[in-house]
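K.L.:
Handing you a structure now.
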Amino acid sequence: MEKPRALLVSIVPPRNDCGVRIVMHRHLVEGNPFKLHVASNADFEDGLLVHTPLRLPYLIHRVRKSRFGPRLATWITDYENFVWPLTVSRALEEAVEKFQPEVIITLAECGLCHIARKAAERHRIPLVGLFLDWFPVMRGHYGHKSTQRILSRRYRELYAACDLAFCTSDGMQEVLGPHPNSHVIYPMPGRHVVPEKAWPPRSGKFRVVYVGSVDNFYGRMLCSLIERIEATDGLEIMVVGPNADWPKQLLERARANGTYLGFKPPEEAAKVLASADALLSVMSFEKEHELFMRTSFTTKFLDYVAFGKPVILWGPEYCTPVQLVRQQGGAFIVTQPNAKKVLDACAKIATNDELRKHLAAEAMALHDGLFNPERLQRVFIEQIKKLAAESA
């Protein structure tokens, strides 16, 4: 069967680094399952993918790039979310006419996705929505905080308008509500080959490794844990991820002693993961992020289980990963915000060989079953092909 022609309209390009970019890269680029064209307002590396650049009106674009941009960022984001979607993008129209997509796929967020929705309606092309994070409550994706409720309502309206919707978790699907063609696909994990040689070399201490976002609420949780671990013997933590916004002295200390390793591409991060005694996944306890925690799902949890090591899941009872582990197993759960409880979990795993083996086996069972990348990708491709065939 010929590959479906898919036009991806997204604020970020598929790229093999982190976050939603790596999830889209694994679904849309790895294995080359579609004839893919990307339309995006993001800055692209030359030759990265066949793409059409989408730009804000010239004056708004110039102001954003000028020295006044940071001061006016809130207003520019409001423009991007509320005014820009009212316009017709000539560049997107030309891309649709030339590429003739069988489906339009859009990353559900706050602005550009609504332009994609209108283009799909105008050209009578099926619309596929990727509901990977609740963007309306994410800093940087809304302008004035008072707009969050409106943006969330539009996020739900986009979901209802999609011919096919992929939700990143059961929690996302539950909050968005009933839909005739909605499917839960957990964040696509990498097809990892566990490296024979781990890095850095073992120190003799029980090693916890964290790979993922290290700023904002993730950073605050990691900092509290690092400070606890620094005061103990026999335990160490290594953190991999970009753009740590930690207190200056702690960040300098973490870099100097090898706790913070910065960003590493997946193949290098895999060597660090392979060196671990336990792998850490975190979800915020902060009340303002509750909706985000109820709907999102940490990508690294799915990456971790391929390594067959104990996973420590540190997050509130209501977050989706904890709810899943309560049903399926696969991790040692810590549902108190106190970082000392994570240290207690490490001590139990380090001193209980049966517990360690049990957690490792549960992790592998998740990898081979619910989180299996081949299964997730098969559902993704089959549903898009089915939609394209029905609309032909």
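The values are calculated or read from the model by the stated rules, or taken from the named source; none is laboratory data. Here the structure is a predicted model, which means the values were calculated and not measured. Note: ideal-geometry Cβ built from the backbone for every residue, glycine included; neighbour counts use all protein chains shown. Heads up: the accessible areas ignore ligands, DNA and RNA and are worked out on the full protein's heavy atoms, side chains in. Shrake-Rupley method; radii C 1.70, N 1.55, O 1.52, S 1.80 Å.
K.L.:
What is the distance in Å between the Cα centres of segment 25-41 and segment 310-364?
P.N.:
What the calculation gives is 35 Å, centre to centre.
K.L.:
Taking only the alpha-carbon positions of segment 113-193 and ignoring solvent, what does the Debye formula give for the base-10 log of I(q)/I(0) at q = 0.13, 0.19, 0.20 Å⁻¹?
P.N.:
At q = 0.13, 0.19, 0.20 Å⁻¹ the computed log10 ratios are -0.45, -0.88, -0.95.
K.L.:
Give me the three principal axis extents of segment 189-307 from the C-alpha atoms, as integers in angstrom, largest value leading.
P.N.:
For segment 189-307, the Cα extents along the three principal axes come out at 42, 35, 23 Å.
K.L.:
Follow-up. Testing the spin-label approximation: label points 7 Å from Cα along Cα→Cβ at Arg378 and Gln328. State their distance in nm.
P.N.:
Distance between label points: 1.6 nm.
K.L.:
Order the peptides 277-284, 361-368 from the highest to the lowest mean number of other Cβ atoms within 10 Å of their residues. Mind dumping the intermediate values first?
P.N.:
Details: 277-284: 23.5, 361-368: 18.1.
So the order, starting with the most tightly packed, is 277-284, 361-368.
K.L.:
Which of the peptides 18-29, 261-272, 105-116 is most tightly packed, and how do the rest follow, going by the mean number of other Cβ atoms within 10 Å of each residue?
P.N.:
Numbers: 18-29: 20.8, 261-272: 16.2, 105-116: 25.1.
Highest-to-lowest ranking by the protection proxy: 105-116, 18-29, 261-272.
K.L.:
Let me ask something else about it. Is there a quick way to get the dipole size of the chain? I mean about its Cα centre, with the Cβ of Lys and Arg at +1 and of Asp and Glu at -1; what is the value in debye to the nearest 20?
P.N.:
Details: 50 positive and 43 negative charges, 141 e Å.
Dipole about the Cα centre, nearest 20: 680 debye.
K.L.:
So what's the net charge close to Asp368: Lys and Arg +1, Asp and Glu -1, counting the other residues with Cβ under 12 Å from its Cβ?
P.N.:
Values: positive: Arg375; negative: Glu362, Glu374.
Here the count lands on -1.
K.L.:
If a paramagnetic tag sat 7 Å from the Cα of Phe263 along the Cα-Cβ line, which residues of segment 183-222 would have the backbone N under 19 Å from that point?
P.N.:
Correct set: 190, 210-220.
K.L.:
Still on this structure, I have one more. If you average the sequence gap of Cα pairs under 8 Å that are 6 or more apart and divide by the length of segment 180-258, what percent do you get for the contact order?
P.N.:
Relative contact order, segment 180-258: 32 percent.
K.L.:
Select from segment 95-173 those trypsin sites (Lys or Arg not before Pro) which occupy a DSSP coil region and have at most 11 other Cβ atoms within 10 Å, ordered by residue number. Please list the in-between numbers first.
P.N.:
Numbers: sites: Lys98, Arg117, Lys118, Arg122, Arg124, Arg139, Lys145, Arg149, Arg153, Arg154, Arg156; in loops: Arg124.
Hits after loop and neighbour filter: Arg124.
K.L.:
Mind grabbing the accessible area of Asp245 for me, 1.4 Å probe, Å², rounded to tens?
P.N.:
80 Å²
K.L.:
For His51, what residues show an amide H to amide H distance below 5 Å, using hydrogens built from the backbone and excluding near sequence neighbours?
P.N.:
Val38
K.L.:
If you take the alpha carbon radius of gyration of the chain and divide it by 2.2 N^0.38 Å, what ratio comes out, to two decimals? Provide the component values of the computation, followed by the final result.
P.N.:
Values: Rg = 21.5 Å, N = 392, 2.2 N^0.38 = 21.3 Å.
Against the empirical 2.2 N^0.38 Å value, I get 1.01 for the chain.
K.L.:
Taking the solvent-accessible surface of protein heavy atoms with a 1.4 Å probe, what is the per residue accessible area of the chain in Å²? Please report the intermediate quantities before stating the final value.
P.N.:
Numbers: 17980 Å² over 392 residues.
Value for the chain: 46 Å² per residue.
K.L.:
At a threshold of 8 angstrom on Cα-Cα distance, excluding pairs fewer than six apart, so keeping six or more, what relative contact order does segment 43-141 reach in percent?
P.N.:
On the way: 83 pairs, mean separation 24.4, N = 99.
Computed value for segment 43-141: 25 percent relative contact order.
K.L.:
Ratio of segment 211-276's C-alpha Rg to 2.2 N^0.38 Å, to two decimals? Write down the numbers at each step before the final one.
P.N.:
Working: Rg = 11.4 Å, N = 66, 2.2 N^0.38 = 10.8 Å.
Compared with the compact-globule rule of thumb, segment 211-276 sits at 1.06.
K.L.:
In Å, what Rg and Dmax follow from the Cα atoms of segment 249-290?
P.N.:
For segment 249-290, the Cα radius of gyration and maximum Cα-Cα distance read 13.7, 35 Å.
K.L.:
I would also like to ask the following. Taking each pair of distinct Cα atoms in segment 185-249 once, what is the resulting Kirkwood hydrodynamic radius in Å? Walk me through the numbers before you get to the answer.
P.N.:
Values: mean 1/r = 0.0718 Å⁻¹.
Taking the inverse mean of 1/r over all distinct Cα pairs, segment 185-249 comes out at 13.9 Å.
K.L.:
Report the convex hull volume per residue for segment 305-392, counting only C-alpha atoms, in Å³.
P.N.:
On the way: hull volume 9.2 nm³, N = 88.
Taking only Cα atoms, segment 305-392 has a hull volume of 104 Å³ per residue.
K.L.:
Also, quick follow-up: Under the Karplus relation 6.51 cos²θ - 1.76 cosθ + 1.60, θ = phi - 60°, what is the ordered set of whole-Hz ³J(HN,Hα) values for segment 268-282, x standing for Gly and Pro?
P.N.:
7, 4, 4, 5, 5, 4, 5, 8, 7, 8, 8, 10, 10, 10, 10
K.L.:
Let me ask something additional. For the chain, what does the relative contact order come out to in percent, with C-alpha contacts under 8 Å and a separation of six or more?
P.N.:
Numbers: 701 pairs, mean separation 56.1, N = 392.
That works out to 14 percent.
K.L.:
While we're looking at this one, here's another question. So how far apart, in nm, are the two label points at Asp368 and Arg90 if each is 7 Å from Cα heading toward Cβ?
P.N.:
5.9 nm
K.L.:
Now a separate question. Provide the net charge surrounding Ala350, with neighbours chosen by a C-beta distance below 14 Å and charges set as Lys +1, Arg +1, Asp -1, Glu -1.
P.N.:
Result for the neighbourhood of Ala350: +1.
K.L.:
Shifting gears a bit: Rounded to the nearest 0.05, what FRET efficiency is calculated for Asp344 and Lys248 with R0 set to 51 Å and r the Cβ-Cβ distance? All intermediate terms of the calculation are to be shown ahead of the outcome.
P.N.:
On the way: r = 30 Å, r/R0 = 0.58.
It comes to 0.95.
K.L.:
How many nm separate the modelled label positions at Arg62 and Lys35, each set 7 Å beyond the Cα in the direction of the Cβ?
P.N.:
Using points 7 Å along Cα→Cβ, the separation is 4.0 nm.
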